[in-house]
1. Tell me, please, whether a residue that is open to solvent by less than 60 Å² (accessible area, probe 1.4 Å), more than 9 Å from the chain's Cα centre (by Cα) and not polar (S, T, N, Q) can be found in region 42-52.
2. When you go through ILE56, ILE72 one by one, which is the residue that is out of contact with any Phe, Trp or Tyr (no Cβ under 6 Å at 6 or more places or on another chain), under 20 Å from ASP4 (Cβ atoms) and surrounded by 13 or more Cβ atoms within 10 Å (Cβ to Cβ)?
3. Check GLY59 against each of (1) closer than 24 Å to ASN75 by Cβ; (2) of a type in the set (Gly, Ala, Ser); (3) in contact with a strand residue (DSSP E or B) (Cβ under 9 Å, 6 or more places away or on another chain) and name the one condition it does not meet.
4. State which residue pairs qualify: first residue in contact (Cβ under 8 Å) with a residue 60 or more places away in the chain and surrounded by fewer than 17 Cβ atoms within 10 Å (Cβ to Cβ) and inside region 12-38, second residue assigned to a strand (DSSP E or B) and not hydroxyl-bearing (Ser, Thr, Tyr) in any location, beta carbons under 9 Å apart, and separation of 6 or more residues or different chains.
5. Among the residues of region 39-72, count how many are touching a helix residue (DSSP H, G or I) at 6+ places or on another chain (Cβ under 8 Å), among the charged types (D, E, K, R) and free of Cβ contacts under 8 Å to residues at least 60 places away in the same chain.
Amino acid sequence: MLTDYINAAMQKAHYEILPDNEGYFGKIECLQGVWANASTLEGCREELREVMEEWILLGIKMGHTIPVIDGIDVNIKEVV
């Protein structure tokens, strides 16, 4: 499920070429604070994926609500 969530989120990523050949910038709008930059587009994609993985794990650890993407919900449900 986590892999599906990450793959769905990566499909929503937006990339920009930075001015003066400084590389690439990428972000995922629906995940506040998830962004990356690198000298190549592929490097930016890899960095963005790593940042998102860390963001999800930290969010879950801290009890934050992780946005549902394409119907995939990675939030921990309380069992009664």
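The values are calculated or read from the model by the stated rules, or taken from the named source; none is laboratory data. Just so we're clear, the structure is a prediction, and the values are computed from it rather than from any experiment. Don't worry about glycine lacking a Cβ; one is built from the backbone with ideal geometry, like all the others, and counts go over all protein chains shown. Each accessible area value is taken on the protein alone, full model and side chains, heavy atoms only, with ligands, DNA and RNA left out. Shrake-Rupley method; radii C 1.70, N 1.55, O 1.52, S 1.80 Å.
1. The initial filter retains those residues of region 42-52 that are open to solvent by less than 60 Å² (accessible area, probe 1.4 Å), namely 43-44, 48, 51-52.
Restricting the remaining residues to those that are more than 9 Å from the chain's Cα centre (by Cα) gives 43-44.
Checking which are not polar (S, T, N, Q) leaves us with 43-44.
There is at least one residue in region 42-52 that is open to solvent by less than 60 Å² (accessible area, probe 1.4 Å), more than 9 Å from the chain's Cα centre (by Cα) and not polar (S, T, N, Q).
2. Of the residues listed, the single one that is out of contact with any Phe, Trp or Tyr (no Cβ under 6 Å at 6 or more places or on another chain), under 20 Å from ASP4 (Cβ atoms) and surrounded by 13 or more Cβ atoms within 10 Å (Cβ to Cβ) is ILE56.
3. Evaluating GLY59 over (1) closer than 24 Å to ASN75 by Cβ; (2) of a type in the set (Gly, Ala, Ser); (3) in contact with a strand residue (DSSP E or B) (Cβ under 9 Å, 6 or more places away or on another chain) leaves (3) as the failure.
4. none
5. Counting residues in region 39-72 that are touching a helix residue (DSSP H, G or I) at 6+ places or on another chain (Cβ under 8 Å), among the charged types (D, E, K, R) and free of Cβ contacts under 8 Å to residues at least 60 places away in the same chain gives 3.
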